[in-house]
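Here the structure is laid out as structure tokens; the discussion comes afterwards.
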Amino acid sequence: MTEEEGSPPQIVTILECRPPTGLVVDLPSPDGTWRSSVSLRAQAGVSTLVFTQRLAEPYDATSIGPGWHFYLDRLGAVVANTAVPDRWDDYFPSLRDAYAPSS
């Protein structure tokens, strides 16, 4: 979960694993545990991945969304065998407003 060179791997707790359709994990953070889930659905030869993370204070989607956007785009690029995005600055802070609540 870190891009910094030499960073140690992050330990996660697998809460639920339903191959090949779902995964729920707890990720440690400085302010408590983040629960994240991924579900996969195949229909008409197309697979759809849905990522969910419920946020609690002090987090909001403007600070967390661009990071997940970065990592999920990287996953998509690996799956598609295309160039993997590697510029964090293309995502944060530039995508903050895309994750702001609607007025």
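FYI, it's all coordinate maths here, none of it is from the lab. If you're wondering where the values come from, they're calculated on a predicted model, not measured in any experiment. Cβ sites come from the backbone with ideal geometry, for glycine too, and all protein chains shown count toward neighbours.
Dividing the convex hull volume of the alpha-carbon atoms in region 10-57 by its residue count gives 78 Å³ per residue. Over the chain, dividing the summed -39,500 (n - 2.57) contributions of all DSSP H runs of at least 4 residues by the number of residues returns a 222 nm mean residue ellipticity of -6500 deg cm²/dmol.
Listed values [x] 12, 28, 33, 23, 5; [y] 14, 45, 24, 9, 6, 2; [z] 13, 38, 40, 9, 0 include one computed from this model; for P(r) over Cα pairs in 10 Å bins from 0, in percent that value carries the label [z]. Placing +1 on the Cβ of every Lys and Arg and -1 on the Cβ of every Asp and Glu, with no other charges, gives region 60-103 a dipole of roughly 80 debye about its Cα centre. Sites count as exposed loop sites when they are trypsin sites (Lys or Arg not before Pro), lie in a DSSP loop, and have at most 13 other Cβ atoms within 10 angstrom; the longest stretch of the chain without one is 1-53.
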